[in-house]
Amino acid sequence: MHKDLPTTALEPTILVIFGITGDLAERKVLPALYHLFANDLVHPQTYLVGTSRRDISVADILKRIEHAVTAHTDGFDPAVLQKMATHFSMLKVDPTVDADYAQLRDRLQQIEDKAGVCLHRLFYLSIPPQVYGGIVQRLGQNGLNTGCSHGVTASRLLVEKPFGYDLHSAQELISKTSEHFSEEQIFRIDHYLAKETAQNILTFRQHNPLFNQIWNHRHITGVSITAIESIGIEGRGNFYEHVGALRDLVQSHLMQLLSPTLLDIPSDMTADAIHKAKQSVLDSITPVPADQVANRSVRGQYQTYREEVHNPDSTTETYASLVLYSQDPRWEGVPLKLTTGKALKIKRTSITVDFGDQPHSNRLQFRLQPNEGITLALRVKKPGLTSAMEETTMDFAYHTAFQAHSPRDAYERVLIEAIRGDHLLFATDEEVLASWRILQPLLDEWAKSSADLVIYPSGSDGPDTSKLIP
Ligand code: BG6
């Protein structure tokens, strides 16, 4: 989380993309690859193989990349696409057909033979959770879990959330995957950890003794992690109806942000030591007990959601807010509030740490988006012949402090770190299970009755959550 994006040459790699025509690949992964090629952040011997059930040409994929890149940035360069084209190939693969995996194996072999070097094999799975298990199994059965034939490297899996649907299915998925791939080979993406300010949490905590000294329950009275969006489900109805806000964002992104906020900073900042510290944060958090669901959680659904998913009876939540507590003495009694929601007034992701009791608190806020930066709220005397106080802020914003710095999309960092084989940015199997363990009792209670589901207008602030903080 504290490392610079490496600009040194990376290893020669083949990246195989399952789900290349999907929404996520199109919006995030392909544009990120474009920018990596544009900035020479990949090894010259980097090859891309897209797989699709249908016959799709490389030209078609390149058109999609151009469209996605021009939609979000000004400086599109056709020469970058030409460079990518020489490294790109497509293969028709039905993920349920064994023979297609044999073809994939042959394709990888041909590319390696031509390149004359051993290439790291990275399989990126941007696919619905229900097909995930089958693909992993077939990759394994067809010998694609081992490294290239020219060397001894192991192949890697780069996988998208959700990692399971609940605690039980996550356990099953992890155990099935482990039949073919070791934990070392698996990179579970949580792109929120790759956002610039998230990368700063540990550095900021570790290297600013002012805060480091008081980072505990004696001084901190509350931690709130919020990831709200103005967009709705954007045509992802089929996916979202079975998932909902708690599974979509809280189980993954918010839990992953909670860990670096609370963890005991290890003396050596290795990936292993940081993962151990994250794990201990998650293990110390107690789930919301069944008899406290009413006053420790709020869920809502935006007004037009049911129409969008064509289900007038849908009880899927598009908004979730809950308060958790840790058993770690360092965080005793500190409410940890996690909130997410769609179709709200604004988009904002932030981590807010309150020092002192309201309304006399100082408030430190990490802003992950928009306007990335860190703000400290302070009270000062108003100028002039008055002793009245006012709240003001000390602001650090990336765009003013580092003017030459253009923020990289989180997916660029995700891809680079997976190619480098560095696990720091990725969730471990134990972290995934611990997050499900924390949320499972709430999921179970919510499944029993939806009487507390609040319908809120799109573009509003969402349901009232004031009852959550004692
Ligand atoms: C994804 C969720 O993980 O994150 C989406 O599945 C959500 O529902 C998205 O919209 C938000 O990501 P970002 O980077 O735009 O905040």
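Quick look at the values:
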{"read-out": "Ser458 paired with Ala397, simple spin-label distance in nm, labels 7 Å along Cα-to-beta-carbon", "value": "3.0"}
{"read-out": "The stretch 92-120 versus the stretch 236-288: alpha-carbon centroid distance in Å", "value": "35"}
{"read-out": "Computed [θ] at 222 nm, helices only, for the chain once each DSSP H run of length n ≥ 4 contributes -39500 (n - 2.57)", "value": "-10000 deg cm²/dmol"}
{"read-out": "Sequence-distant residues sharing a close amide H with Leu378 (under 5 Å, placed H)", "value": "Thr392, Thr393, Met394"}
{"read-out": "Compactness of the chain - radius of gyration and Dmax, Cα, Å", "value": "23.2, 83"}
{"read-out": "Accessible-area value, Phe402, 1.4 Å probe, nucleic acids and ligands omitted, Å²", "value": "100"}
{"read-out": "Added length on full extension, which subtracts the Cα-Cα distance from 0.36 nm per residue, Leu378 to Gln440", "value": "18.5 nm"}
{"read-out": "Ordering of 267-273, 247-253 by packing [mean C-beta count within 10 Å, highest first]", "value": "247-253, 267-273"}
{"read-out": "Residues Ala154 and Asp272, FRET efficiency given R0 of 30 Å [Cβ-Cβ distance, rounded to 0.05]", "value": "0.95"}
{"read-out": "The chain, accessible surface, carbon-and-sulfur percent (1.4 angstrom probe)", "value": "51"}
{"read-out": "Highest-first arrangement of 61-68, 12-19, where packing means the average Cβ count within 10 Å", "value": "12-19, 61-68"}
{"read-out": "Sequence-distant residues sharing a close amide H with Ser155 (under 5 Å, placed H)", "value": "Thr146, Gly147"}
{"read-out": "Antiparallel content of DSSP bridges confined to the stretch 1-148, in %, to 5", "value": "0"}
{"read-out": "FRET efficiency, Ser284 to Ala447 (Cβ-Cβ, R0 30 Å, nearest 0.05)", "value": "0.70"}
{"read-out": "Per principal axis, descending, Cα span of the stretch 206-316 in whole Å", "value": "53, 32, 24"}
{"read-out": "Per residue solvent-accessible surface (Å²) - the stretch 40-191, probe of 1.4 Å", "value": "47"}
{"read-out": "In Hz, Karplus ³J(HN,Hα) per residue of the stretch 294-305 (6.51, -1.76, 1.60; θ = phi - 60°; x = Gly, Pro)", "value": "4, 9, 10, 8, 9, 9, x, 9, 6, 3, 9, 4"}
{"read-out": "Principal semi-axes in Å for the stretch 344-470 [√(5λ), Cα gyration tensor, largest first]", "value": "33, 28, 16"}
{"read-out": "Cross-link pairs Lys345/Lys382; Lys382/Lys467; Lys337/Lys448; Lys28/Lys83 - those with Cα-Cα distance over 29 Å", "value": "Lys345/Lys382; Lys382/Lys467"}
{"read-out": "Under Karplus coefficients 6.51, -1.76 and 1.60, residue-wise ³J(HN,Hα) of the stretch 271-287 in Hz, glycine/proline x", "value": "4, 4, 5, 5, 4, 4, 5, 5, 4, 5, 4, 5, 5, 8, 8, 8, x"}
{"read-out": "Contour minus Cα-Cα distance for Glu184 and Gln171 (0.36 nm per residue)", "value": "3.0 nm"}
{"read-out": "Relative contact order (%) - criterion: Cα under 8 Å, at least six apart; region: the chain", "value": "18"}
{"read-out": "Amide hydrogen neighbours beyond the local backbone of Gln301, cut-off 5 Å, H modeled", "value": "Thr318, Val454, Ile455, Tyr456"}
{"read-out": "Euclidean distance of C-alpha centroids, the stretch 360-404 and the stretch 24-79, integer Å", "value": "39"}
{"read-out": "Rounded if a/c under 1.5, otherwise prolate or oblate - the stretch 138-218, Cα gyration tensor axes", "value": "prolate"}
{"read-out": "Sequence ranges 97-106, 156-165, 113-122, ranked by mean other-Cβ count within 10 angstrom, highest first", "value": "156-165, 113-122, 97-106"}
{"read-out": "FRET efficiency, 1/(1 + (r/R0)^6) with R0 35 Å, evaluated for Thr73 and Leu210 via beta carbons", "value": "0.40"}
{"read-out": "Using θ = phi - 60° and Karplus 6.51 cos²θ - 1.76 cosθ + 1.60, couplings along the stretch 48-57 (whole Hz; Gly, Pro as x)", "value": "10, 10, x, 10, 8, 5, 9, 6, 10, 8"}
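The values are calculated or read from the model by the stated rules, or taken from the named source; none is laboratory data. Keep in mind it's a predicted model, so treat the numbers as computed, not measured. Backbone-built Cβ (ideal geometry, glycine too); neighbour counts: all protein chains shown. Note: areas computed on protein heavy atoms with side chains; ligands, DNA, RNA excluded. Shrake-Rupley method; radii C 1.70, N 1.55, O 1.52, S 1.80 Å.
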